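I have placed the structure first, in the form of structure tokens, so that the comments after it can refer back to it.
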Amino acid sequence: MTPQLHGSCFCKAVRYELDSLDMPISHCHCQSCRKVHAAAFVSTAGVMREHFRWTQGEALLSSYESSPGNLSHFCSRCGSHLFSERAHQPHLIVRLATLVDDPGV
């Protein structure tokens, strides 16, 4: 399957590709998202783990448990927050601002 979307951190040291956005786009207004992005909200979408692949710089990722059981992953060089996950869930929550390609929605 040919990847449909590519993404990266700000400095482009960490890159990924995904086959599709598997869940609707949402805009999270929680205190954690507002603080980490220094914005009123962050746009996200769920992606099934099997549809997501690192293509560069995975070793540069750092993680932070932003709330119990929720790991936030970001580039250790530029600080871009790329996605978050809960280990027991089959999907990741991707930060749409890190997409290079237009998701078309």
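The values are calculated or read from the model by the stated rules, or taken from the named source; none is laboratory data. Here the structure is a predicted model, which is why all the values come from computation and not from measurement. We place every Cβ from the backbone using ideal geometry, glycine too, and count neighbours over all the protein chains shown. Quick note on the areas: whole protein, heavy atoms, side chains included, nothing else; ligands and nucleic acids left out. Shrake-Rupley method; radii C 1.70, N 1.55, O 1.52, S 1.80 Å.
Some notes on this structure:
- Residues in the range 22-57 that are among the small types (Gly, Ala, Ser), closer than 18 Å to PRO103 by Cβ and not in a strand (DSSP E or B): there are none.
- No other residue among LEU71, LEU82 is open to solvent by 40 Å² or more (accessible area, probe 1.4 Å) and either at pLDDT 95 or above or in a strand (DSSP E or B) (or both) apart from LEU71.
- Scan the range 21-39 for residues that are surrounded by 15 or more Cβ atoms within 10 Å (Cβ to Cβ) and either under 17 Å from HIS81 (Cβ atoms) or free of Cβ contacts under 8 Å to residues at least 60 places away in the same chain (or both) and the total you get is 5.
- For the range 1-11, the set of residues classified as of a type outside the set (A, V, I, L, M, F, W, C), in contact (Cβ under 8 Å) with a residue 12 or more places away in the chain and part of a loop (DSSP other than H, G, I, E, B) consists of PRO3, GLN4, listed by residue number.
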